[in-house]
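Structure record follows, encoded as structure tokens.
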Amino acid sequence: MTDTETLYEALAGHLDTLGQDAAPLFLAKVALAMGHALGDTGRALAILDDCAQDLGAQPDPAQ
Amino acid sequence: MRPAGRSELDSLYFTYPHFDAPAPDAPRTDPAPVVIVGAGPVGMTAALELARHGQRCVLIDAKDTFNDGSRAICIARASYHILDRVGAIAPFLEKSLPWTMGRSFYRGRQVLEFSMPDSPNDKYRPMYNIEQQYIEQYLWDAIAREPLIETRWQTRLEAIEAGAGGAVLTLADPHGRYDLPARWVLAADGARSTVRQMLGLRLRGRNFEGRYVIADVRMQHDYPTIRRALFDPACRPGGTVLIHRQPDDIWRIDYQLRDGESEAEAISEENVRASVTAVLEDIGHSGPWDLEWWSIYSANTLALDDYRHGPVVFIGDSAHIVPIFGVRGLNNGMADAQNIGWKLALVLSGQAGEGLLDSYTPERRGATLDVFANASKSARFMTPPSFGWSLMRDAALSLALHHPWAGELANPRQMAPYTYDQSPITAPDAGGPGGPKPGAMMSDVALGDGFLSDQMGPWFTLLWIGEAPALTHPLLKVVALPAEGTVARAWGAAPGSAWLIRPDLHVAGRWAKAEPAAILAFLDALLERRA
């Protein structure tokens, strides 16, 4: 079981240390490395789609 | 372009020849079976391939010498096989620098070292660096020995009329203007093809944003022939730099222009010198250097919808423009030239129907589209087109500092010849005997006294494992290979297995339990295709 709270705190700590400018690159690295560690491309892609929700850019309903 | 005070042909290491126009009284208007427009490396390769198969051609070029500058410098293994087949390979092997390896750096630290497939079974190395002037010189030396090729320098195409049974070219040289009828025309006149424009044909596709300056410098620099890619280097923050070694102590430096950087300013001598100085500092070169030549390009993927227009066939850059990261411009052009060369020779000699030519566009345009797919991936990595691509590229490179799996995203994977498995003249694969698949370029095998590729006949070759049947066809050479021999082992093939190899070393078909009559019927059907 992943201790989600520990992960949550560690991410917040890294983001505070790195600052806003480095945050996108850091999170992009995290996403790639975690996806790689997961070893399941289908699940990784589903997580990406899930995380892209509710962030402003709405998916095209025609798609 | 060259430094102030030096003309376009004033090279530090190469003496450009001067070619006269045909003599005033030379015959000019006798109909030609084939006219090749453009005596660059692609046009010259096509002329040599036709001549190898006994066919005459007239090769015309508007210039009085070779192309200026080093241009295409990376020649792939498959192209060396083409040069081998047309009898021009010896000086290339003497001059060029073979290489197998590339290294990528991110902010000064190495993130990837890749090797291209290579083994003692390969007659040639995966890649060779050589300046294009030498490529043209060595091809020209072979053409000068060849009585079937008539070259007309300083001869410009002024008009072309193409009909069902051939074309008439209006040509002009210093002695006048004349019409030359031709049964076939090969347009090898480059990215700005006059033939293409005169026929009203357009390339379609897209441009990438990335623009690069390529600069050649001469310097004593101690580094092996390994392609270096510098991502986000100190000398060019946010940009990408490529470095290649060439013969004669010439080094190629490609660097990306920044967004909004003006092309006109970027190619001023002063700015090129400043950019090169910064790159050389970055790679630790502190000795003297001379600026030799420079140029600019952008990464485009553009192609004609159909490479043939009646009697006119487009080969090389006239048919397709690809980003240079894939080193597929000239290499694909040479494959075009060979592909149409042997097919046209068969049609001209009456040994094949014109329908054979219908396989040219699907095979070679297919190869171009494959390059587009790969080159688009490369280009997105080399010159990310947007915020998202740029961020993920940097994330991959940053991870690659410690994780080799991420470095693989920077691997250009650019080297494999295209497989014609969808071609109308490739036999469907009915569960083959192992070894190279239908449509693929034949893999080579080292034999005691040379290589399997040396055993090929001028036209088609049937490789047969075990005792070969008595099988005769005017265009077929049968090569029997021992049942327990090197090839049988390398390809895991049982006795009775057979591969039909085309003149360009691609596999036309393979059979696990070969029936001689079926193979001959397949070959005849391939040749007798009607238009």
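The values are calculated or read from the model by the stated rules, or taken from the named source; none is laboratory data. Keep in mind it's a predicted model, so treat the numbers as computed, not measured. Note: ideal-geometry Cβ built from the backbone for every residue, glycine included; neighbour counts use all protein chains shown. Accessible surface areas use protein heavy atoms only, side chains included; no ligands, DNA or RNA. Shrake-Rupley method; radii C 1.70, N 1.55, O 1.52, S 1.80 Å.
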**Item:** Pick from segment B:131-141, criterion more than 30 Å from B:PHE231 (Cα to Cα) and open to solvent by 10 Å² or more (accessible area, probe 1.4 Å), ranking: farthest from the chain's Cα centre (by Cα)
**Value:** B:ASP141
**Request:** Sort out which residues of segment B:167-201 are more than 20 Å from the chain's Cα centre (by Cα), outside any strand (DSSP E or B) and without any contact (Cβ under 8 Å) to a residue 24 or more places away in the chain, and write them in order of number.
**Result:** B:GLN197, B:GLY200
**Request:** Identify all residues within segment B:278-304 that are outside any loop (DSSP other than H, G, I, E, B) and either more than 24 Å from B:VAL327 (Cβ to Cβ) or over 29 Å from the mean Cα position of the chain (by Cα) (or both); write none if there are none.
**Result:** B:ALA278, B:LEU280, B:GLU281, B:ASP282, B:ASP290
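Quick grid of which residues meet (1) within 12 Å of another protein chain (Cβ to nearest Cβ); (2) at pLDDT 95 or above:
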position	(1), (2)
A:THR4	no, no
A:ALA12	no, yes
A:LEU25	yes, yes
A:ALA33	yes, yes
A:ALA37	yes, yes
A:ARG43	no, yes
**Message:** Please go through (1) within 14 Å of another protein chain (Cβ to nearest Cβ); (2) in contact with a Lys or Arg (Cβ under 9 Å, 6 or more places away or on another chain) for B:PRO424 and return the number of the only condition it doesn't satisfy.
**Reply:** (1)
**Message:** Every residue in segment B:99-130 that is touching a residue at least 40 places away in the same chain (Cβ under 8 Å), open to solvent by 10 Å² or more (accessible area, probe 1.4 Å) and among the small types (Gly, Ala, Ser), please.
**Reply:** B:GLY108
**Prompt:** For B:ASP64, all conditions in the list (1) assigned to a helix (DSSP H, G or I); (2) over 22 Å from B:ARG328 (Cβ atoms) hold save one; what is the number of the exception?
**Reply:** (1)
**Message:** Residues to consider are B:ARG236, B:ARG245, B:ARG228; find the one that is among the basic types (Lys, Arg) and in a loop (DSSP other than H, G, I, E, B).
**Reply:** B:ARG236
**Message:** Is it the case, given these coordinates, that A:ALA52 is within 14 Å of chain B (Cβ to nearest Cβ), out of contact with any Asp or Glu (no Cβ under 9 Å at 6 or more places or on another chain), modelled with pLDDT under 95 and open to solvent by 80 Å² or more (accessible area, probe 1.4 Å)?
**Reply:** no
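Suppose we filter B:ALA4, B:ALA72, B:ALA46, B:ALA76 for residues that are in contact with a helix residue (DSSP H, G or I) (Cβ under 7 Å, 6 or more places away or on another chain) and loosely packed, with under 15 Cβ neighbours inside 10 Å; which single one remains? Break it down into steps so the answer makes sense when it comes.
Values: B:ALA72 fails: loosely packed, with under 15 Cβ neighbours inside 10 Å; B:ALA46 fails: loosely packed, with under 15 Cβ neighbours inside 10 Å; B:ALA76 fails: loosely packed, with under 15 Cβ neighbours inside 10 Å.
Answer to the selection: B:ALA4.
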**Message:** Within segment B:446-457, does at least one residue satisfy the condition of being modelled with pLDDT of 95 or more, away from chain A (no Cβ under 14 Å), open to solvent by less than 30 Å² (accessible area, probe 1.4 Å) and in a loop (DSSP other than H, G, I, E, B)?
**Reply:** yes
**Fill in**
Among the residues of segment B:202-241, the number that are open to solvent by less than 10 Å² (accessible area, probe 1.4 Å) and more than 22 Å from B:ARG393 (Cα to Cα) is 4
**Prompt:** Out of all the residues in segment B:149-201, which are among the hydrophobic types (A, V, I, L, M, F, W, C) and open to solvent by 50 Å² or more (accessible area, probe 1.4 Å)?
**Reply:** B:ALA164, B:VAL168, B:MET198
**Asked** Which strands (runs of 3 or more DSSP E) sit wholly inside segment B:475-531 and have at least 1 residues that are among the β-branched types (Val, Ile, Thr) and touching a helix residue (DSSP H, G or I) at 6+ places or on another chain (Cβ under 6 Å)?
**Response** B:476-481
**Single match in B:GLY435, B:GLY485, B:GLY431 (criterion: among the small types (Gly, Ala, Ser) and without any contact (Cβ under 8 Å) to a residue 24 or more places away in the chain)** = B:GLY485
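So how many residues does segment B:339-352 have that are open to solvent by 10 Å² or more (accessible area, probe 1.4 Å) and farther than 16 Å from B:ARG183 by Cα? I'd like the intermediate steps shown before the answer.
So in segment B:339-352, the residues open to solvent by 10 Å² or more (accessible area, probe 1.4 Å) come out as B:347-352.
Then keep just the ones that are farther than 16 Å from B:ARG183 by Cα; that gives B:351.
Matching residues across segment B:339-352 total 1.
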**Request:** Name every residue in segment B:383-421 that is within 14 Å of chain A (Cβ to nearest Cβ), surrounded by fewer than 20 Cβ atoms within 10 Å (Cβ to Cβ) and of a type in the set (Gly, Ala, Ser), in order of residue number.
**Result:** B:SER386, B:GLY388, B:SER390
**Every residue from segment B:82-98 that is assigned to a helix (DSSP H, G or I), in contact (Cβ under 8 Å) with a residue 60 or more places away in the chain and surrounded by fewer than 24 Cβ atoms within 10 Å (Cβ to Cβ)** = B:ASP84, B:ARG85, B:LYS95
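Specify the residue that is modelled with the lowest pLDDT; the eligible residues are those in segment B:423-445 that are open to solvent by 20 Å² or more (accessible area, probe 1.4 Å) and farther than 16 Å from B:TRP491 by Cα. If you could, list the steps in order and put the result at the bottom.
Here is the first cut: in segment B:423-445, the ones open to solvent by 20 Å² or more (accessible area, probe 1.4 Å) are B:424, B:428-432, B:434-435, B:437, B:441, B:443.
Imposing the further condition that a residue be farther than 16 Å from B:TRP491 by Cα reduces the set to B:424, B:428, B:430.
Values: B:PRO424: 93, B:PRO428: 90, B:ALA430: 77.
So the residue we want is B:ALA430.
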**Fill in**
For segment B:111-162 the number of residues that are in a loop (DSSP other than H, G, I, E, B) and within 17 Å of B:PRO98 (Cβ to Cβ) is 13
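Yes or no: B:SER376 more than 14 Å from chain A (Cβ to nearest Cβ), in contact (Cβ under 8 Å) with a residue 24 or more places away in the chain and either in a helix (DSSP H, G or I) or of a type in the set (Gly, Ala, Ser) (or both)? Walk me through it before giving the result.
Details: more than 14 Å from chain A (Cβ to nearest Cβ): yes; in contact (Cβ under 8 Å) with a residue 24 or more places away in the chain: yes; either in a helix (DSSP H, G or I) or of a type in the set (Gly, Ala, Ser) (or both): yes.
Taking the combined requirement at face value, the residue satisfies it.
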**Item:** Test for B:ASP370: is it away from chain A (no Cβ under 14 Å) and open to solvent by 40 Å² or more (accessible area, probe 1.4 Å)
**Value:** yes
